[in-house]
1. Residue separation times 0.36 nm, minus the C-alpha to C-alpha distance between Thr162 and Ala195: what's the value?
2. How high is the relative contact order of the range 177-243, given as a whole-number percent (alpha carbon pairs under 8 Å, six or more residues apart)?
3. Which value does Rg/Rh take for the chain over its C-alpha atoms, Rh per Kirkwood?
4. Over the chain, calculate the relative contact order: mean separation of alpha carbon pairs under 8 Å at least 6 apart, over the residue count, as a percent.
5. State, as an integer percentage, the relative contact order of the range 130-271 based on alpha-carbon contacts under 8 Å between residues 6 or more apart.
6. Run the quick spin-label model on Asp202 and Val267: label points 7 Å from Cα toward the beta carbon, then report their separation in nm to one decimal.
7. For the chain, which DSSP H helices look membrane-span-like by this rule: Cα extent along the axis of 20 Å or more and mean Kyte-Doolittle of at least -1.0?
8. Quick check on the chain: of the DSSP beta bridges with both residues there, what percent are antiparallel, nearest 5%?
Amino acid sequence: MSRFLGITREPVFSPGRVDDDGAILRLVAERLQQLGQHVSVIAGDADRWPPVSPDTTVFTMCQGAYALERLQQWAARGIRIVNRPDAILNCQRHRTVAAFANGTVPFPASLLLSTDSEPKLPTWVAEGAWLKRGDVHATEPDDVVFVSSAVATHRTLHRFRTRGIARVVLQRHAPGTVFKFYGVHKRFFHGVVPAAANPVADEVVRRIETLGAEAAAVLNLEVYGGDCVVGVNDTVALIDLNDWPSYAPCRAEAAKEIAAYLLAQSVASDT
């Protein structure tokens, strides 16, 4: 029997999705228990966490600075953690933009801006762009704002500044159909096309699966989800990648695959 510790996401990082995020973690824990494993679950925002033994595999959805600091201390001791704290940090947008800057992952033009200045803006802002907080993905709807002029961009930067957000990402709008996807390293993929959109060809879906896996590898993610845009002539671009999403459209199947992946990691660490 192996030991597993699940850690929930802090509610502040699950705006409108607390129940969904909690559900996938609980299902993974239940699946591991069904497989005969010893499993505990704690809250990511708990003041105190229990000590962990070297044979424990941790699976976590937390994203806050305090939780990640504790996870980094565990990782330094050799505790196996999925996703690793460095991978969770890589999903903060300012790090993601830097990681994808080498151009191997098709990613819209993106700039990291400081909110305490009025930066010179690229001309493509007039064609449409997105301002996104530069650290965590979202804590409220106003964390991601569409802009289409320099005036609107500077006004939105000011709003971010008044909220205490120092850095934002300006990302060029990628026109097309948004395709959401969910993955587990080398064993699971599920894609979702908006109900009103045209069908996406199987070959394009396979390319999205490959792109998602390649992007996850760049950020060192094992359990992940994201958004692609399928554009003209079936071009594909990644616009967002997240650590451990809710897997709401495929939760039961994903939970089984995540549990199997975690069990394989635990066995591998014992050998």
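1. The Thr162-Ala195 span can extend by a further 8.2 nm.
2. Over the range 177-243, the number comes to 36 percent.
3. Reported Rg/Rh, Kirkwood definition of Rh: 0.98.
4. Details: 487 pairs, mean separation 59.7, N = 271.
Normalised by residue count, the contact order of the chain is 22 percent.
5. On the way: 184 pairs, mean separation 29.4, N = 142.
Computed over the range 130-271, the figure is 21 percent.
6. Placing both labels 7 Å beyond Cα along the Cβ direction yields 3.0 nm.
7. Result, helices passing both filters: 18-34, 202-219, 251-270.
8. Roughly 70 percent of the DSSP beta bridges within the chain come out antiparallel.
Readers should treat all values here as calculations from the given coordinates under stated rules, not as data from a laboratory. From a predicted model like this one, the values you see are computed outputs, not experimental measurements. Reconstructed Cβ throughout: ideal geometry from the backbone, glycine too, with neighbour counts over all protein chains shown.
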